[in-house]
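Student: Structure below; questions to follow.
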Amino acid sequence: MTDTLAHFIGGERVSADAVEESRNPSNTNDVVAKLPRGGEAEVNAAVAAAKQAFPAWSDASPELRSDLLDKVGDTILKRREELGRLLSREEGKTLPEGIGETVRAGRIFKYFAGEALRRHGQNLDSVRPGVEIQTYRQAVGVYGLITPWNFPIAIPAWKSAPALAFGNTVVIKPAGPTPAIAAALAQIIHEAAEAVGAPKGVFNMIFGPGAMGAKLVEHKDVDGISFTGSQTVGASVAEAAMKRQARVQLEMGGKNPLIVLDDADLDRAVMVALDGSFYATGQRCTASSRIIVADAIHDRFVEALAEKVAALRVGDALDPNTQMGPAVSEDQMETSYRYIDIAKSEGGRVVTGGGRLKLDNPGWYVQPTLIADTHKDMRINCEEVFGPVASTVRVKDYDEALAVANDGDFGLSAGIVTTSLKYARDFQRRAKAGMVMVNLPTAGVDYHVPFGGIKKSSYGAREQGFAAIEFYTQTKTAYSWA
Ligand code: NAD
């Protein structure tokens, strides 16, 4: 079945000629959705609607905001199977991964339904007699939310839920390859907003190309921009936002290291590397793509991991036997193959995978690939591939491993597999990353705690959990004497 999508502007579904398509990457004959291609007119209309809704929404009882988010969370959780199926059909992650992401999105709305009701200000004693001080957290205004395709329901959820909880209104521009699941979320929010009586226009979603995202960033009535996507686009978003002093927050790429020390439990190390590098087809910003292995365990580890990688069942995302789905698009598939060629030409040794993969379905399949004997400075270890391709770097000991892990432009997530408390603790303190994992995959995080990186992986305030309030509110300090 092919859905025909419409923009959501000012509490209405706004149809236009469906000139774009989204296709199922597991079977490209399957058209998942047809959709309109918006531009500046849609940006202007959606921002105007969000601006108009802001005074009533920011003044509304926090109970109303909580009710909206709670309803959205309940609906997503109730429809997890159907939404997870749509997500997997459109993005290509396996059905358990698609359902898992959907549940995460539902839980995020439930979490922020609680946050909307919590007290976030403070009373403080003044240094002056008779003076009282209060701090308030106040809504900011209209937020432009720009999201990628790899977590097409969870990322719109973790940006829009806190924005709405704290009294802001939003315009979301979702990624090109995954509009149908984004539209399903928009429809749920749209219906919940009507049911609780929220002002029309608190939530808007418009479909269009990257250039439309740029128009949203430049719009004078957009007070804050939250962007998740690639580093190059993120840098241009920050520049444009700062030019007009809008708030901006960026979550971007990663080249996440996983260290395997020679005291590691081998089975654990293999499981952690397999999950971190290959689940979700390696299309996670937190995926482990550089595996840094101590000399004494290197050969045993590479052999054991290669065996598991070679045994991964690649196939249609909706087939229950599939362990790894396709890349989201032909471009992503070709990027993986290009980096495999680059790694080979720089001296890397393909231990498993590396060839083209043709299955019965016409889809964007990639052979999961492990490349050994790479050097830390090779392109395969410096640039984000965003596919099921991992490389290993041999090191002599922990100190060298830490130095290699901390090298490079990115700093999102970093992991270590070890049975040594000394090294685990040292790594937690000294790893240059926003998230540090001990004996766990670099990918896979909780929804109620801060998320984000350092260096070129992130910019601005942290997202998610109790950290989200920083970006989605502004502090007012009130003094009084009576
Ligand atoms: P992308 O940068 O190509 O696109 C992201 C979004 O920005 C899309 O909605 C796109 O249409 C829009 N866009 C494109 N050009 C724009 C412009 N000039 N101005 C404004 N918006 C524009 O990224 P992608 O391919 O969709 O996603 C993959 C990237 O996202 C990877 O680099 C990955 O690491 C990153 N990512 C990061 C995180 C994180 O939290 N750190 C999470 C998921 C994905």
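The values are calculated or read from the model by the stated rules, or taken from the named source; none is laboratory data. Remember, predicted model here, so these are calculated numbers, not experimental data. Using ideal geometry, Cβ is built from the backbone for each residue, glycine included, and neighbour counts are taken over all protein chains shown. Note: accessible area is taken over every heavy atom of the protein model, side chains too, but ligands, DNA and RNA are not part of it. Shrake-Rupley method; radii C 1.70, N 1.55, O 1.52, S 1.80 Å.
Student: So which residues in the stretch 424-442 are more than 23 Å from the chain's Cα centre (by Cα) and in contact (Cβ under 8 Å) with a residue 40 or more places away in the chain?
Tutor: 427
Student: Which numbered condition in (1) within 16 Å of the ligand (Cβ to nearest atom); (2) under 26 Å from residue 18 (Cα atoms); (3) out of contact with any helix residue (DSSP H, G or I) (no Cβ under 6 Å at 6 or more places or on another chain) is the only one that residue 215 fails?
Tutor: If we test residue 215 against (1) within 16 Å of the ligand (Cβ to nearest atom); (2) under 26 Å from residue 18 (Cα atoms); (3) out of contact with any helix residue (DSSP H, G or I) (no Cβ under 6 Å at 6 or more places or on another chain), just (3) comes out false.
Student: Something else: Since residue 102 meets every condition but one in (1) farther than 23 Å from residue 200 by Cα; (2) outside any helix (DSSP H, G or I), which condition does it not meet?
Tutor: Result: residue 102 fails condition (2) only.
Student: Go through 33, 60, 49, 16 for me and flag whichever is open to solvent by 30 Å² or more (accessible area, probe 1.4 Å) and among the hydrophobic types (A, V, I, L, M, F, W, C).
Tutor: Among 33, 60, 49, 16, only 16 is open to solvent by 30 Å² or more (accessible area, probe 1.4 Å) and among the hydrophobic types (A, V, I, L, M, F, W, C).
Student: Another question, then. Can you tell me which of 28, 2 is over 27 Å from residue 164 (Cα atoms), in contact (Cβ under 8 Å) with a residue 40 or more places away in the chain and hydroxyl-bearing (Ser, Thr, Tyr)?
Tutor: Exactly one residue qualifies, and that residue is 28.
Student: Something else: Looking at the stretch 226-262, which of its residues are open to solvent by less than 20 Å² (accessible area, probe 1.4 Å), of a type outside the set (Val, Ile, Thr), more than 9 Å from the ligand (Cβ to nearest atom) and touching a residue at least 60 places away in the same chain (Cβ under 8 Å)?
Tutor: Of everything in the stretch 226-262, those that are open to solvent by less than 20 Å² (accessible area, probe 1.4 Å), of a type outside the set (Val, Ile, Thr), more than 9 Å from the ligand (Cβ to nearest atom) and touching a residue at least 60 places away in the same chain (Cβ under 8 Å) turn out to be 226, 238, 249, 255, 256, 257, 258, 261.
Student: Name the residue that is least open to solvent (accessible area, probe 1.4 Å), counting only residues in the stretch 175-195 that are over 19 Å from residue 82 (Cβ atoms) and part of a loop (DSSP other than H, G, I, E, B).
Tutor: In this case the residue turns out to be 175.
Student: Quick check, is residue 162 part of a helix (DSSP H, G or I), within 14 Å of the ligand (Cβ to nearest atom), open to solvent by less than 10 Å² (accessible area, probe 1.4 Å) and not polar (S, T, N, Q)? Lay out the reasoning, then the answer.
Tutor: Numbers: part of a helix (DSSP H, G or I): yes; within 14 Å of the ligand (Cβ to nearest atom): no; open to solvent by less than 10 Å² (accessible area, probe 1.4 Å): yes; not polar (S, T, N, Q): yes.
Answer is no for this residue.
Student: Given the options 347, 363, 315, 354, name the one that is open to solvent by less than 30 Å² (accessible area, probe 1.4 Å), more than 17 Å from residue 276 (Cα to Cα) and more than 25 Å from the chain's Cα centre (by Cα).
Tutor: Step by step, each of 347, 363, 315, 354 is checked, and only 354 is open to solvent by less than 30 Å² (accessible area, probe 1.4 Å), more than 17 Å from residue 276 (Cα to Cα) and more than 25 Å from the chain's Cα centre (by Cα).
Student: Here is a check on your reading of the model: is residue 131 in the same structural domain as residue 171 (by TED's automatic domain parsing), in contact with a helix residue (DSSP H, G or I) (Cβ under 9 Å, 6 or more places away or on another chain) and open to solvent by less than 40 Å² (accessible area, probe 1.4 Å)?
Tutor: Working: in the same structural domain as residue 171 (by TED's automatic domain parsing): yes; in contact with a helix residue (DSSP H, G or I) (Cβ under 9 Å, 6 or more places away or on another chain): no; open to solvent by less than 40 Å² (accessible area, probe 1.4 Å): yes.
So residue 131 does not fit the description; no.
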